[in-house]
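The values are calculated or read from the model by the stated rules, or taken from the named source; none is laboratory data. What you see is a predicted model; the values in this text were computed from it and never measured. Virtual Cβ from ideal backbone geometry, glycine too; neighbours counted across all protein chains shown. Heads up: the accessible areas ignore ligands, DNA and RNA and are worked out on the full protein's heavy atoms, side chains in. Shrake-Rupley method; radii C 1.70, N 1.55, O 1.52, S 1.80 Å.
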Amino acid sequence: MGDVSRIKAALRDEFPGWSILYTDRRRWWATRGPKPGEQVNNGESALDADTPEELRRLLLKVSDN
């Protein structure tokens, strides 16, 4: 669990405003918002991935928008 905690902390540091979760089904999630005026299900408030690397790529893609 130490690696998971370290990875979660690194992702939180890199992507402030996002909550990073690792589930018992071995899925990685990032959630945020909604901010005022945002819709919850706009495709950018919850992301999921098989690996932390994949989640990071998704977060970078959303951050570029």
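Tallying residues that are within 15 Å of LEU60 (Cβ to Cβ), touching a Phe, Trp or Tyr at 6+ places or on another chain (Cβ under 8 Å) and open to solvent by less than 80 Å² (accessible area, probe 1.4 Å) within segment 1-17 yields 1. Evaluated against (1) at pLDDT below 95; (2) under 15 Å from LEU60 (Cβ atoms); (3) open to solvent by 50 Å² or more (accessible area, probe 1.4 Å), LEU47 falls short on exactly one condition, (3). The set of residues in segment 18-44 that are surrounded by 10 or more Cβ atoms within 10 Å (Cβ to Cβ), at pLDDT 90 or above and of a type outside the set (D, E, K, R) comprises TRP18, SER19, ILE20, LEU21, TYR22, TRP28, TRP29, ALA30, THR31.
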